[in-house]
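See structure below.
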Amino acid sequence: MEDQIIALWPEGPPSVIAGVAAESFFTPPPRLPAGQMLRNISEPTLTVVRPHPAKVNGRGVVICPGGGWRILAWQHEGLDVAEWFAARGFTAFLLKYRVMGTPSEPEKFEALMTAMGDSLAAALPAAQAPRAMAEITKDEPNYVQARDIAAEDGRRAIEIVRSRAAEWDVDPGQVGMIGFSAGAFLTMDVAIDPRAAPLAFVAAIYGGETRGRAVPADAPPLFATIAQDDRLLFRVVEGLYADWSNADRPSALHVFSRGAHGFGMVRQGAPSDRWLDLLDDWLNDLKR
């Protein structure tokens, strides 16, 4: 069955990120995980990946790849994840959300990607590890705008899925969201401020925070995971779990000794390879 692609804002989005060139796929440099990636996204979409009719379980999930609000790791944090969920009966909705523009000149773009890879691989002592994303982005206006617009696309995605749930054999009350890295921050920004009914569940994979905002009394169950050698974000994710659990909301955190940042669906022979098994168990337990 061919995947269905739906425009989030057919009449144009309510806000715009300036300076975004034509959308394109690219192959990442060696420092980043392999697989198809996207950049310069200004027209967000949902790609619908449906399960085999015999496996439909009535649950839906919106998938948000990461990429530092500059690119999207389309393959190993997107398409591969959608297929994994569909194999388990979920209807998967892969979100292509808007990001900041990247340089059109190959040399400048390669330098940007190298800098992103270097920052993720930095060897920081635990005591110096950031506790909030603002410590990393310095709350630069471009990042703040991109993050807010990504959340805008996330809320719109949930709205579309719920309004057309019957079309995809989905229970509108059983729609969750999973995000990776920047996509995890998007996921948690929507969970904290859904502006609609709460999600059925959220999964934050090496990213996500509350930004000090109060966790809603009806906040969804949280699954979070991170590798301890992801020095840039492991303390941030630990803080997310603490905020959720301190609010007496159902929450699970798995911290692996190795795996680095961005493992997604890539098997590395590292402890983090087990995260999918743990997520599967957690999702099954939610049905009880």
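Derivation of every value follows stated rules applied to the coordinates shown; laboratory data play no part. In this text, all values refer to a predicted model and were calculated from it rather than measured experimentally. Neighbour counts run over all protein chains shown; Cβ positions are idealised from the backbone, glycine included.
Grab the alpha carbons of the range 212-288, take their convex hull, and tell me the volume per residue in Å³.
In the range 212-288, the Cα convex hull volume per residue is 92 Å³.
Dipole size in debye (nearest 20) for the range 117-276 around its Cα centre, Lys and Arg Cβ +1, Asp and Glu Cβ -1?
Computed about the Cα centre, the dipole is about 220 debye.
In nm, to one decimal, how far is the Lys55 label point from the Arg131 one, both placed 7 Å along Cα→Cβ?
4.3 nm
Show me the three semi-axes of the equivalent ellipsoid for the range 4-286, from the C-alpha gyration tensor (sqrt of 5 times each eigenvalue), largest first, rounded to whole Å.
Those come to 26, 23, 19 Å.
In sequence order, what are the phi-derived ³J(HN,Hα) couplings for the range 45-58 according to the Karplus relation 6.51 cos²θ - 1.76 cosθ + 1.60 with θ = phi - 60°, rounded to whole Hz, with x for glycine and proline?
9, 10, 9, 8, 10, 9, x, 4, x, 6, 9, 3, 10, x
May I ask for log10 I(q)/I(0) of the range 17-137 at q = 0.13, 0.22 Å⁻¹, from a Debye sum over the Cα atoms as equal point scatterers with solvent left out?
Taken in order of the listed q values, log10 I(q)/I(0) reads -0.63, -1.20.
If each residue of separation counts as 0.36 nm, what is the full-extension length gain between Asn142 and Gln4 once their alpha-carbon separation is subtracted?
46.5 nm
Using Cα pairs under 8 angstrom and six or more residues apart, how large is the relative contact order of the range 132-218, in percent?
27 percent
What distance in nm lies between label points placed 7 Å from Cα along the C-beta direction at Ser245 and Asp171?
2.8 nm
Hey, got the dipole for the range 4-286? About the Cα centre, +1 on K and R Cβ, -1 on D and E Cβ, debye to the nearest 20?
For the range 4-286, the charge dipole is close to 60 debye.
From the phi angles alone, apply the Karplus equation (6.51, -1.76, 1.60; θ = phi - 60°) to the range 12-26 and give each ³J(HN,Hα) in whole Hz, x where the residue is Gly or Pro.
Once θ is set to phi - 60°, the couplings for the range 12-26 become x, x, x, 9, 9, 8, 6, x, 9, 7, 5, 5, 7, 8, 7 Hz.
Add +1 for every Lys or Arg and -1 for every Asp or Glu among the other residues with Cβ under 15 Å from the Cβ of Arg195, and state the total.
My count for the surroundings of Arg195 gives -3.
Given H placed 1.01 Å from N in the peptide plane, which residues other than close sequence neighbours of Ser251 have an amide H under 5 Å from its amide H?
Leu222
When the chain is fully extended, how far beyond the present Cα-Cα distance does Glu43 get from Lys108, taking 0.36 nm per residue of separation?
21.1 nm
Which value at 222 nm does the chain reach when only helices count, each DSSP H run of 4 or more adding -39,500 (n - 2.57), with the total divided by all residues and rounded to the nearest 500 deg cm²/dmol?
Value at 222 nm, helices only, nearest 500: -9500 deg cm²/dmol.
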